[in-house]
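Colleague: Below you'll find the structure I mean.
Each reported figure results from applying straightforward, stated rules to the coordinates on display, with no laboratory input. In this text the structure is predicted, and so the values were computed from the model without any measurement. Glycine also receives a Cβ, built like all others from the backbone with ideal geometry; neighbour counts cover every protein chain displayed.
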Amino acid sequence: MWQNLSLRARVNLLLAIVLALGLATNVGRLVLEAGPRVRAEDQSVIRLAREFVDTIVAGLSEAPDPEARLNQIVRDLHRLRHVSITRQGAAIDDSEGIDRSDDADNARPPPAWFVALVHPEKTAVNVPFSIRDKQGSLLITSHPNDEMAEIWDGIVTQLLIGSAVAIVLFLITSMVVGRALKPIGALSQAITKIESGSYETRVKVEGSPELAAICGKLNHLAAALGAAVDDKRRLAERVVSLQDVERKEIARELHDEFGPYLFALRAHASALKRIADAGEPNLDALRKHGCAVLEQVDTLQKSNRRVLERLRPVGLAELGLRQALGALLRLWGESHPGVIVEAEISPDLGETGEMIDLTIYRTIQEALTNVFRHANATHVNVTVERAGVATALGNGGARVRVSDDGCGLKADHRFGLGLTGMRERILALGGSLTVASGGNGVTVEALIPNGAAS
């Protein structure tokens, strides 16, 4: 049941319990103190009455009629409110007696259970006397009705006033708590809207400092989620665009490189067929067309290998990163003999995993593609080494650096889809990619964490 209550209901319930306990404790204290107060009143009244009786009895011996005088005194003392004095063994007319349970000023007589609790038995004292050698005794009985009525009236008053104060405090505190917790409702609605995808939802920063801080952080969270969703959408669009560009590039290479060579091969094959059909084949012509066919087939194989490298690194999983990079660099070196390509792969790199190996390979491949297409460089240096804990990666990883001595980047240069896609891929793995140009040459550096392997 407690778990089903709202925070406001819990606070109000706890407050009501605390106020009720406080009021009950105060009333209980008054009830517990009532008994000692009544007993103290009894003892005080009886002591005073006994001293009074002793003084009166001492002067009766000089009275003309001590017996009549004593009876008159007893009748007069019987009318007292807090105490009664009667003569033992004598019938006293109590027709003029008074009701000791209430008076004009006491509108709330105590209930019977309260009287039984604080004064279960009447207190009485027997006072012996001797008048002219005649023995007798007076019975002094206390009647603390007024004291009990006063105590009960104080308890009832305390209960009424305490209840009124508790109700007022409860209402005020409930109102204050309600206003203080008001932002929680707005927070709940905002979270529901954000959960449904309305990342533009914002809440008013109000309430206590703690709730105001939560409201502010929720607004920042909604903005961050909205930005992340926008980035995800843009990334998805870039992925689709990159796929289209990649397809167009492959189609262009197939058309521009494979088409002419296949046409030439067809022409050489037709020539070889004509020579073979001749009565006396021309050996020089056969040799010439055969060498041309072999040369074109070799070129086609290189072009085919380059296209396959762009689709999927050949031998990366079978041979490992070092051998696959070596094959890639040899391919670029053969296709661009005027550019010196130097590579250094650290033996301390260790086992990095297929995901990191593929990312390293693609990073170097994309960087070399940009160098050979745009840089007009004569020297390229490729370095792959272990990144220590001193880097931002913390747990180590791989550092890839490709630098050239080309023309560098222009001031208004914008990264192409290939490099942009590579940067986003590395960022998705928790790494970073930087491109720096000092006017002469460009340096591409990537940091890839080991955590990407998982």
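Colleague: Compute the signed sum of charges (Lys and Arg +1, Asp and Glu -1) over the other residues within less than 13 Å, Cβ to Cβ, of I275. Could you put the intermediate results ahead of the total?
Modeller: Details: positive: K273, R274, R287, K288; negative: D277, E280, D284.
Neighbourhood net charge equals +1.
Colleague: What FRET efficiency comes out for the pair E344/R274, r = Cβ-Cβ distance, R0 = 56 Å, nearest 0.05?
Modeller: Working: r = 54 Å, r/R0 = 0.96.
Between E344 and R274 the formula returns 0.55.
Colleague: Kirkwood Rh over alpha-carbon pairs of the chain, then Stokes-Einstein at 25 °C and 0.890 mPa s: what D in µm² s⁻¹, rounded to an integer? Walk me through the numbers before you get to the answer.
Modeller: Numbers: Rh = 34.2 Å.
Using the Kirkwood radius from Cα pairs, D works out to 72 µm²/s.
Colleague: Another question, if that's okay. Calculate the spin-label point distance for K134 paired with E318, positioning each point 7 Å from the Cα along the beta-carbon direction, and give it in nanometres.
Modeller: Going from the E318 label point to the K134 one covers 14.5 nm.
Colleague: Right, another one. If R0 is 22 Å, what FRET efficiency do you get for Q189 and L221 from their C-beta distance, rounded to 0.05? Don't jump to the answer; show the numbers that get you there.
Modeller: Details: r = 15 Å, r/R0 = 0.68.
It comes out at approximately 0.90.
Colleague: Taking other Cβ within 10 Å of each residue's Cβ, how do M422, M355, M175 sort, fewest first? Present the calculation step by step, with values, prior to reporting the outcome.
Modeller: Values: M422 22, M355 13, M175 10.
Ordered by Cβ neighbours within 10 Å, fewest first: M175, M355, M422.
Colleague: Per residue of the chain, what 222 nm ellipticity follows from adding -39500 (n - 2.57) for every DSSP H run with n ≥ 4, rounded to the nearest 500? Could you put the intermediate results ahead of the total?
Modeller: Values: 12 runs with 263 residues, N = 454.
That calculation yields -20000 deg cm²/dmol at 222 nm.
Colleague: Report, for the chain, the % of DSSP beta bridges that are antiparallel, rounded to 5.
Modeller: Working: 34 of 40 bridges.
Around 85 percent antiparallel, to the nearest 5.
Colleague: Related question: Just name one of A190, G207, V293: the one whose Cα is farthest towards the positive end of the charge dipole of the chain (beta-carbon charges, Lys/Arg +1, Asp/Glu -1).
Modeller: V293
Colleague: Provide T201, T192 in ascending order of the number of other Cβ atoms located within 10 Å of each residue's Cβ, fewest first. If you can, show how the numbers build up before the last one.
Modeller: Numbers: T201 18, T192 11.
By the 10 Å Cβ count, ascending, the order reads T192, T201.
Colleague: Further question on the same structure: For a quick check of your reading of the filter: which GluC sites (Glu not before Pro) in the range 144-211 sit in a DSSP loop and have no more than 10 other Cβ atoms within 10 Å?
Modeller: Numbers: sites: E147, E150, E195, E200, E206, E210; in loops: E200, E206.
Loop-located and lightly packed - E200.
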